[in-house]
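First up is the structure itself, then whatever we jot down about it.
The values are calculated or read from the model by the stated rules, or taken from the named source; none is laboratory data. Computed from a prediction, not measured in an experiment: that's the story for all the values here. Don't worry about glycine lacking a Cβ; one is built from the backbone with ideal geometry, like all the others, and counts go over all protein chains shown.
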Amino acid sequence: MQPKPNTINQINKAFIKRSIGSSQVVLENVFIKSATFEGMYSAGIPTQKLIDHHVDLAKGGVGMTTISYGAVSADARTFDSQMYIHKDSLVPLKLLAEKVHAAGAKVSIQLTHCGYFSKNKTARKILAPSKLFNAYGFLSGMGFSEAMTLKDMELVINDFVKAAISLKTIGFDAVEIHMGHGYLLSQFLSPLTNKRKDEFGGSIENRSRFPLQLVQRVVTAVGENFPVLVKLNLSDGFKNGFSLEDCVYVSKQLEKINCAAIVLSGGFTSKTPFYLMRGKIPLKGMIQNGSSWAEKITMAVFGPFIIKEYKFEPNFFLDQALKVRKAVNLDLVYLGGVDSVDGMLQILEKGFNFIALARPLIHDPSFLHKIRSGNLSKSLCNRCNECIVEMDRGGVKCVLDSAG
Ligand SMILES: Cc1cc2nc3c(=O)[nH]c(=O)nc-3n(C[C@H](O)[C@H](O)[C@H](O)COP(=O)(O)O)c2cc1C
């Protein structure tokens, strides 16, 4: 679709330099490639494909690209071939950072611990705030998590701190701590998975205590000029989960402890995985990708009942995100359903500092160049979500004929 001349002029305001928070890390524009699991790893180490993928995004004009799921330790992985931050993976990551910089963009990585969302057979323990049934790992023989002790918490904090420092050292520009989508820190925040009776469970003040302590320790360790972003749920997407009110509380605390920016999202991978994406559920491919017959059959039988579909609408998180925008002053990254010039202009008008995009850039890494030059005003991604299936088939990619 061709844009109208006046919207071309207006969108130019998205293509001006902008620093993240109070740091001196300056992006060429407001656009951030949101973390989308690439599946471009071998035995815990990034492949050349991962480097090429992010260089393409940088060449396509994003201000900053984000590598997904940087597990902070071998145990923090959801399954055992996933990348984790250690000396061998830092070598290709350093090269990736150099190449992304040469292509004109900044680079960040999402630091994550899976918590009980794990079928990682190499993990010594399946950690979570509480003892929980692990439906995801059950068929791999990991049916229950252990409730974390204070010592476990300290070890996990140290893993995040160590990972952030390593990435800073090899030339990354920022890190994003994953506090959403039902992974470990989100499991602490959610009443669904946090059943603790101590100072880390119960009220939102208590549920957020460990995640906030962790962020504070990372922020202090990396120092002022290395932005620490946090990905946070607006809500888990189900009743009695982490709520928008909880999100406002946590956002205010993140502002106090000098988090550079919050990337707002939502959903809980083990319960509402499509809440964060919306659109079609690619069930056939998900069944085919099951790692065992038992998994395939379970997905085929229960998938249609347990995986809820959410209708896609442009800027689908905007109403919730506006509540947070009104409550805090720190930089906010809007994410979710931005797919057109009009949508982008709406987000900027509402006072968000950055715009994150996922599927429009999987569909076409040059989407932003096309927007800027006036050749396109709306992404051709149709939210078939087959890109999710592709993650486990050699690497995330768009399956549409029109893909860039
Ligand atoms: C294939 C795929 C993989 C994803 N992997 C991740 C991930 O590893 N970490 C994450 O925080 N979000 C992940 N997401 C969610 C996206 O970052 C984003 O929140 C979502 O797609 C909505 O944004 P969009 O409408 O711009 O696509 C993934 C989304 C897709 C489509």
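To keep it simple, each residue is scored yes or no on (1) of a type outside the set (S, T, N, Q); (2) under 25 Å from G404 (Cβ atoms); (3) out of contact with any Phe, Trp or Tyr (no Cβ under 9 Å at 6 or more places or on another chain).
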{"site": "Y275", "(1), (2), (3)": "yes, no, no"}
{"site": "I281", "(1), (2), (3)": "yes, yes, no"}
{"site": "A300", "(1), (2), (3)": "yes, no, yes"}
{"site": "N315", "(1), (2), (3)": "no, yes, no"}
{"site": "D319", "(1), (2), (3)": "yes, no, yes"}
{"site": "L335", "(1), (2), (3)": "yes, yes, no"}
{"site": "L357", "(1), (2), (3)": "yes, yes, no"}
{"site": "S366", "(1), (2), (3)": "no, yes, yes"}
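The condition of being part of a helix (DSSP H, G or I) and more than 10 Å from the ligand (Cβ to nearest atom) holds for only one of L348, L376, L361, that being L348. For region 385-401, the set of residues classified as touching a Cys at 6+ places or on another chain (Cβ under 9 Å) and touching a residue at least 24 places away in the same chain (Cβ under 8 Å) consists of E386, C387, E390, V396, K397, C398, L400, listed by residue number. Per this entry, K308 is counted among residues that are under 30 Å from I177 (Cβ atoms), not in a helix (DSSP H, G or I) and not aromatic (F, W, Y).
Just to be sure I understand, how many residues within region 222-259 are surrounded by fewer than 24 Cβ atoms within 10 Å (Cβ to Cβ), in a loop (DSSP other than H, G, I, E, B) and more than 16 Å from the ligand (Cβ to nearest atom)? Qualifying residue count for the region: 11. Here region 329-339 is the region considered, the condition is being more than 9 Å from the ligand (Cβ to nearest atom) and under 21 Å from the mean Cα position of the chain (by Cα), and the residue that is surrounded by the fewest Cβ atoms within 10 Å (Cβ to Cβ) is L330. Could you grab the pairs with beta carbons closer than 9 Å, sequence gap of 6+ or different chains, first residue in region 352-370 and farther than 25 Å from R325 by Cβ, second one within 7 Å of the ligand (Cβ to nearest atom) and among the aliphatic types (A, V, I, L, M)? Partner pairs satisfying both residue conditions: I362/V396. Condition check for K326 on (1) among the basic types (K, R); (2) free of Cβ contacts under 8 Å to residues at least 24 places away in the same chain; (3) under 22 Å from I281 (Cβ atoms): one failure, at (3).
Of all residues in region 246-275, those that are more than 23 Å from N315 (Cα to Cα) have Cβ atoms under 7 Å from Cβ atoms of residues that are within 16 Å of the ligand (Cβ to nearest atom) and not aliphatic (A, V, I, L, M), 6 or more apart or on another chain, in S270/F117; S270/Y136; S270/G182. When each of G285, G303, G290 is tested for being within 12 Å of the ligand (Cβ to nearest atom) and either among the small types (G, A, S) or closer than 22 Å to E349 by Cβ (or both), the lone residue that passes is G285.
Annotation: M391 fulfils all but one of (1) of a type in the set (A, V, I, L, M, F, W, C); (2) under 25 Å from V230 (Cα atoms); (3) modelled with pLDDT of 95 or more; the unmet one is (3).
Condition check ((1) of a type in the set (A, V, I, L, M); (2) within 15 Å of the ligand (Cβ to nearest atom)) across all residues:
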position	(1), (2)
D52	no, no
T65	no, yes
S68	no, yes
F79	no, yes
Q82	no, yes
V91	yes, no
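The helices (runs of 4 or more DSSP H) located wholly in region 150-216 that include 3 or more residues which are in contact with a strand residue (DSSP E or B) (Cβ under 8 Å, 6 or more places away or on another chain) occupy 150-169, 184-189. Only a single item in (1) within 13 Å of the ligand (Cβ to nearest atom); (2) in a helix (DSSP H, G or I); (3) more than 15 Å from G404 (Cα to Cα) is not met by D342, and it is number (1). Of all the residues in region 33-47, those that are of a type in the set (D, E) and more than 9 Å from the ligand (Cβ to nearest atom) number 0.
Per the listing Q288, Q346, the residue uniquely more than 27 Å from T193 (Cβ to Cβ) and surrounded by fewer than 16 Cβ atoms within 10 Å (Cβ to Cβ) is Q288. Once region 198-207 is narrowed to residues that are out of contact with any Asp or Glu (no Cβ under 6 Å at 6 or more places or on another chain) and in contact (Cβ under 8 Å) with a residue 12 or more places away in the chain, the residue that is surrounded by the fewest Cβ atoms within 10 Å (Cβ to Cβ) is E205. Restricting the first member to region 179-197 and to residues that are free of Cβ contacts under 8 Å to residues at least 60 places away in the same chain and over 10 Å from S208 (Cα atoms), and the second to residues that are among the aromatic types (F, W, Y) and buried (at least 23 other Cβ atoms within 10 Å of the Cβ), the beta-carbon pairs closer than 8 Å and six or more apart or on different chains are P191/F242. When region 96-115 is filtered for residues that are in contact with a Pro (Cβ under 9 Å, 6 or more places away or on another chain) and either under 17 Å from E38 (Cβ atoms) or away from the ligand (no atom under 16 Å from the Cβ) (or both), the ones remaining, listed by number, are L96, S108.
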